[in-house]
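Visitor: Mind having a look at this structure? Questions to follow.
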Amino acid sequence: MEVRLQKFLADAGVASRRKAEELILAGKVSVNGTVVTTLGTKVDDKTDEVSYNGKKVVPNTHFVYVMLHKPEGYVTTVKDQFDRPTVMDLVKKIPERIVPVGRLDYDSEGLLLLTNDGELTFALTHPSHEVEKEYEVEATGDWAKALPVLQGPMELDGVPLSPAKVKWMGQDGKRSCFSIVIHEGRNRQVRRMCAIAGLNVVRLRRVREGSLRLDHQLKPGQWRDLTESEIALLKE
């Protein structure tokens, strides 16, 4: 069956579909011995030979789905140019090559999925699918003034955001505790939204992505395989 080259690479666990497009444009991918730099290229997964950096790419026959409770102080990437700890250091015992689904800030914690299923990664991260992400936030500042700002029209870098769903959770000393649900994935989005509303984020934890919730039995840095029912939820 013919599929787009970037989808083939994502399904094989080489990279996310977006990153695969970058690899193609950079001339790092060849099909049947010829370097390809066109994103519209299609390949037959049964007859064509695809290589990345000179190594043959073999389609996955076994998909792995992992839930990680990401702790603070880790970068959500496969490799960091500044040599900071990455989330891959926490799952190094997994033999299959998996990649993070989306990102979670260096100084944030909570639910992070990792998989070698490129199709699922695309479904969860492409903006058009509007997959909800829920965060629990602890912040200082004037909550009464911040709430209407967080719930109202907002922009980041000149781009309008969809209205966030905000729910009060209580007060812990000087900290206001609330949950916020968004479906975009802009860089440091929740922290930047809070800053616009006059709040200083002290703690930020992602607790849900789509229909999947963080397993609170997982301590920061721990991970487990998803159950079959959890995988089915994500693919609905």
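Visitor: Multiply the residue gap between Lys167 and Val202 by 0.36 nm, knock off their C-alpha separation, and tell me the result in nm, one decimal place.
Guide: Taking Lys167 through Val202 to full extension adds about 10.9 nm, to one decimal.
Visitor: Right, here's the next one. Just the accessible area for Phe82, please: 1.4 Å probe, Å², rounded to the nearest 10?
Guide: 140 Å²
Visitor: Taking a 1.4 Å probe, which of Glu49, Glu96 shows the most accessible area, and what order do the others take after it?
Guide: The ordering from most to least exposed comes out as Glu49, Glu96.
Visitor: Could you calculate the contour length gain from Asp157 to Lys46, that is, 0.36 nm times the residue separation minus the distance between their Cα atoms, to one decimal place in nm?
Guide: So the extension gain works out to 35.6 nm.
Visitor: Right, something else. Restricting the count to DSSP beta bridges whose residues both fall in the chain, what percent are antiparallel, rounded to a multiple of 5?
Guide: The antiparallel fraction comes to roughly 95 percent.
Visitor: Something else: At 1.4 Å probe size, what's the solvent-accessible area of Ser128? Round to the nearest 10 Å².
Guide: 80 Å²
Visitor: In nm, to one decimal, how far is the modelled label at Gln81 from the one at Ala123, with both set 7 Å along Cα→Cβ?
Guide: Here the answer is 3.4 nm between the modelled labels.
Visitor: Follow-up question, since we're still on this one. Label-point separation (nm) for Asp225 and Asp142, each offset 7 Å from Cα along Cα-to-Cβ?
Guide: Computed distance between label sites Asp225 and Asp142 equals 5.4 nm.
Visitor: With a sphere of radius 12 Å drawn around the Cβ of Val75, what net charge do the other residues whose Cβ falls strictly inside it have (Lys, Arg +1; Asp, Glu -1)?
Guide: Net local charge, Val75 excluded: -2.
Visitor: Report the FRET efficiency, 1/(1 + (r/R0)^6), for Leu218 and Lys55, where r is their Cβ-Cβ distance and R0 is 35 Å, rounded to 0.05.
Guide: 0.55
Visitor: Leaving out ligands, DNA and RNA but keeping every protein chain, what accessible area does Arg192 have, in Å² rounded to the nearest 10, with a 1.4 Å probe?
Guide: 70 Å²
Visitor: Could you give the length gained by full extension between Leu233 and Ser211, i.e. 0.36 nm per residue of separation minus their alpha carbon distance, to one decimal place?
Guide: Result for the pair: 7.3 nm of gain on full extension.
Visitor: Mind ranking Thr86, Thr227 by accessible surface for me, highest first, 1.4 Å probe?
Guide: Most to least solvent-accessible, the answer reads Thr227, Thr86.
Visitor: Computed FRET efficiency, Cβ-Cβ of Val3 and Thr34, R0 25 Å: what is it to the nearest 0.05?
Guide: Computed FRET efficiency for Val3 and Thr34 comes out at 0.90.
Visitor: I'd like to check one number: the per residue accessible area of the chain, probe 1.4 Å, reported in Å² as a whole number.
Guide: Ligands and nucleic acids excluded, the result is 54 Å² per residue.
Visitor: Which order do Trp168, Trp223, Trp143 take when ranked by solvent-accessible area (1.4 Å probe, heavy atoms of all protein chains), largest first?
Guide: In descending accessible area the options line up as Trp168, Trp223, Trp143.
Visitor: For each pair in Lys56/Lys133; Lys55/Lys133; Lys145/Lys165; Lys19/Lys56, compute the distance between the two Cα atoms and list the pairs where it is over 25 Å.
Guide: Violating the 25 Å limit, Cα to Cα: Lys56/Lys133; Lys55/Lys133.
The values are calculated or read from the model by the stated rules, or taken from the named source; none is laboratory data. Since this is a predicted model, take the numbers as computed values, not measurements. When we count neighbours, we look across all protein chains shown, and the Cβ atoms used for this are built from the backbone with ideal geometry, even at glycine. Heavy atoms of the whole protein, side chains included, go into the accessibility calculation; ligands, DNA and RNA do not. Shrake-Rupley method; radii C 1.70, N 1.55, O 1.52, S 1.80 Å.
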